[in-house]
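Input: a single structure, listed below in structure tokens.
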Amino acid sequence: MIANRGEIALRINRACQELGVLTVAIFSEADRESLHVRQADEAFCVGPGPAGRSYLNIPNIISTALITNCDAVHPGYGFLAENARFAEICRDHGLTFIGPEPRVIALMGDKATAKRVLQQAGVATTPGTGVLASVDEARAAAEEIGYPILLKATAGGGGRGMRVVDDPSELARAYAGATAEAEASFKDGRVYVEKLIRSPRHIEVQVLGDGFGNLVHLGERDCSVQKPAHQKLIEETPASHLAPTLRESLFEMAIRACRSVGYTNAGTLEFLASGNDVYFMEMNTRIQVEHPVTEMVFNIDLVKEQIRVAAGEPLGYEQRDLGARGHAIECRINAEDPHNHFAPAAGTVSKLVFPGGPGIRVDTALYAGATIPPYYDSMIAKVVAYGDTREIAIARMERALRETMVEGVQTTIDLCLEILATKQFRQGRYDVEFLPQLLAAGTPAAAS
Amino acid sequence: MAQTAYVGLGSNLGDRGANLERAICELDALGRVTARSSLYRTVPWGRTQQPEFLNAVVALETQLAPHALLDELLAIERRLGRQDGERWGPRAIDLDLLVYGNERITGDRLSVPHERLAQRAFVLVPLAELDECFAPLRDALDAGELAGVVRLEGSERAGFAAAAREWQNGMPAETTFGIAARARALATFLSEDDAVRVRIARGDDAIEVVARGRAWARTDADERAVADNAPLRVDTIKSDLVGIFHFGRPAPVEGEVLDGDRELGYIEALGIRTPIRSMGAGRLVAIAAGDDAPVEYGQPLFSIARG
């Protein structure tokens, strides 16, 4: 069963079809006309539009899996993908959860605990605290670590429940905001403090493990092009200008971290890199949005590997059998207004043309005439470009984005084109501050 | 409080007259259709390769709030637009919420009065026929635009009227007919005459209503008779769960009179039986789900006429 929607539901369905596995889709009343409903072998409505009552409706989702005799549940990303309780409930009902053990999800899902455990395993982490009980505790911790600091939701992800605090006067408001946002997004308002690393690059390592102790990494991804709320917009692999020794040390830490917790299936360890320092930030115990760039350079199908491993098969290869070739970039096409703080734009897509040709891959669930419901994530497509070199990949991406036409809703296409054209991006000299600064400086897209 | 909404209808696919009739019948289930315009043929202009549209406007008295009404209109479009067994059939009917009482709403999903009202001859011409207030807007359109909207007269109108009557009388098996309208039609019928036999063939989504020697037809007189009676309410009991649905014991029977609250069945999900109750007295006019069959969220199970 595919417990998700949108492009990732299609992605999983594609992997299943190629493996000869029958699929059951779930959908909300707002997604009745969605492609994933049409393409799966069976589909069940599990609730109304709001995700809390449909894509997070555990009883109806589990019941769907049971009455349709599903063997396994693929959670995709978001929704229930990192919900240890859901993984446990799946297991209790005889369903294979396609991901790591519930114990590992719970451990990594609690960001503060994850940091502590991995620190003990010898992984470099950012200076920070455990879960805080009050704003006073936050204040004391911030004084000790030194401003600026980050307040982060322990159950968080995607930049939600996160606040930058530059000096003590802002702390109380930021604390209230972060806890409230975390409570609303994850039903868990707990937060912790972390040292803010100035202008870091966001580098992450893809890992894959089977149930027999075999663990490999599949290189790194640079996801430093982020919108102001720490939301990724452009990702690429390999990361340019990452010193070979630093890269090797990242891989080594990632494998060590996974081994220490008994990690299985696909996962991603996120690091912040600043100068010659790297700090472990958090681990995502699921498939990532940006997994296609890794698939392109490693020529491997990560979702199929997830399913294979979950079915009890061994990986069948070792680290030395794996090699990356070329360069891949992903641009996220979001239905949002870059001129207005990326406000999500729901609506009906009147015209739609996606790019094609050599080296281009598009993952999307969009079609002309589709209505984008207001309830969910605003990402509508991922355009991925591959090339033997970074320059070729960039040129292909620019060509592909110019071919793309989405009418009816505002998108991030023009913004992505502008980013690709900047000197900083061309030279690979950008960090997480790059896009917010570009927007603040008033690029044509932001100003027009 | 009931409000009067004006709803624009258009069809350019399939049996256009029947499409409009079906839609009007479904609209009636959302409240009461109190007036309807003549039918208009709209000649396409520009480079459109589409066939001609058949357009009309109805006045709908409804308790539904504007956004809820919009959702229902979209649901009707979906139901009628679908061809049998095919999820993505072409759209046979286009419904627009033009005016809702004196409300002014501007939003992404819904704007009333409809934002392009003043430019659309095929809307303004029938609308002004129902409500004189819109005549000045209509008259402001240029002659070329007005000429594109042709009121059906004579044999052309008779043709569509005959098709509509045929549909109303016969309700052919291929009719895709929403559960709400179906239940309401049945309930209306049952409330007027107790001595009838009702058979519902669910598999092909059709109903057959047989009275002693006469086929049921809705006339203006019937319409008025219904309107004069206390308003009849039909509740559709839907599933909130995904699971296996089972009939209660004794098994419910269509037409059954429910004296009080009765357990009509239950849904088995995750080993738990959740009873489905009639929620009070009434007449069971439709059983929409099968015994021992999987049901999904929002799936209609029973329709019960109250009062």
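Holding the Cα-Cα limit at 31 Å, pick out from A:Lys111/A:Lys382; A:Lys232/B:Lys238; A:Lys111/A:Lys304; A:Lys187/A:Lys423; A:Lys232/A:Lys423; A:Lys115/A:Lys232 the pairs that are longer than that.
In this structure, A:Lys232/B:Lys238; A:Lys187/A:Lys423 lie more than 31 Å apart at Cα.
Would you mind giving the mean number of other chain beta-carbons within 10 Å of the Cβ of each residue in A:63-75, as a whole number?
That average works out to 3.
Using mean Cβ contacts within 10 Å as the protection proxy, how do A:47-53, A:264-270, A:242-248 order, highest first?
Sorting A:47-53, A:264-270, A:242-248 by mean packing, highest first, produces A:264-270, A:47-53, A:242-248.
For a quick protection proxy, order the peptides A:290-297, B:101-108, A:420-427 by their average other-Cβ count within 10 Å, most packed first.
A:290-297, A:420-427, B:101-108
Please compute the volume of the convex hull spanned by the alpha-carbon atoms of the stretch A:300-371 and report it per residue in Å³.
So the per-residue hull volume is 182 Å³.
For a quick check: with amide H placed at 1.01 Å from N, whose amide H comes under 5 Å from A:Gly219's, ignoring anything fewer than 5 positions away on the same chain?
A:Gln206
Separation of the stretch A:1-40 and the stretch A:158-220 by C-alpha centroid, Å?
Using only Cα atoms to place each centre, the spacing works out to 29 Å.
Quick one: pull the percentage of alpha-carbon pairs in the stretch A:1-100 with a separation above 23 Å.
Pairs farther apart than 23 Å: 13 percent.
Considering the convex hull of the alpha carbon atoms of the stretch A:297-443, report its projected area averaged over all viewing directions, in nm², one decimal.
If you wrap the Cα atoms of the stretch A:297-443 in a convex hull and average its projections, you get 11.1 nm².
Rounded if a/c is under 1.5, else prolate if a/b beats b/c, else oblate: with a ≥ b ≥ c from the C-alpha gyration tensor eigenvalues square-rooted, which is the stretch A:50-107?
oblate
Please express the Cα-Cα pair-distance distribution P(r) of the stretch A:356-412 as a list of whole percents, one per 5 Å bin, running from 0 to the bin with the greatest distance.
In order of increasing distance, the bins hold 4, 16, 26, 21, 15, 10, 5, 2 percent.
If amide hydrogens are placed 1.01 Å from N in the peptide plane, which non-local residues have theirs closer than 5 Å to the one on A:Lys227?
A:Lys232, A:Leu233
Per residue, how much space in cubic angstrom lies within the convex hull of the C-alpha atoms of the protein assembly as shown?
Taking the convex hull of the Cα positions in the protein assembly as shown, it is 190 Å³ per residue.
Could you derive backbone 3J(HN,Hα) for the stretch A:146-152 from the dihedral phi with the Karplus parameters 6.51, -1.76 and 1.60 (θ = phi - 60°), listing whole Hz in sequence and x where the residue is Gly or Pro?
Listing the rounded values in order: x, 6, x, 10, 10, 9, 10 Hz.
With θ set to phi - 60° and the Karplus curve 6.51 cos²θ - 1.76 cosθ + 1.60, what are the ³J(HN,Hα) couplings of the stretch A:12-20 in order, to the nearest whole Hz, using x for Gly and Pro?
In residue order, the calculated couplings are 5, 4, 4, 4, 4, 4, 5, 8, x Hz.
Please report how far the C-alpha centroid of the stretch A:306-357 lies from that of the stretch B:234-307, rounded to the nearest whole angstrom.
44
Principal axis extents for the stretch A:73-184, Cα atoms only, whole Å, descending order, please.
Ordered largest first, the stretch A:73-184 gives principal extents of 51, 33, 21 Å.
Name the cysteines of chain A that stand alone by the Cβ rule: no other cysteine Cβ under 4.7 angstrom.
A:Cys16, A:Cys45, A:Cys70, A:Cys90, A:Cys223, A:Cys258
Quick one: 3J(HN,Hα) in Hz for the stretch A:138-143, Karplus 6.51/-1.76/1.60 with θ = phi - 60°, rounded, Gly and Pro as x.
Values, residue by residue: 4, 5, 4, 5, 5, 4 Hz.
Please report, in debye to the nearest 20, how large the charge dipole of the protein assembly as shown is about its Cα centre when each Lys and Arg carries +1 at its beta carbon and each Asp and Glu carries -1 there.
Dipole of the protein assembly as shown, to the nearest 20 debye: 460 debye.
Roughly how crowded by other chains is peptide A:26-35, in terms of the mean Cβ count from those chains within 10 Å of each of its Cβ atoms?
Average neighbour count from other chains, rounded to a whole number: 2.
Could you state the principal axis extents of the C-alpha atoms in chain A, from the largest down, to the nearest angstrom?
Sorted from largest, the Cα extents of chain A read 56, 51, 46 Å.
For B:265-275, what's the mean count of beta carbons from other chains sitting within 10 Å of each residue's beta carbon?
Per-residue shielding by partner chains comes out at 2.
Values in this text are rule-based calculations from the coordinates and carry no lab data. Predicted model only: the values in this text are computed from it and were never measured. Positions of Cβ are backbone-derived with ideal geometry, glycine not excepted, and every protein chain shown enters the neighbour counts.
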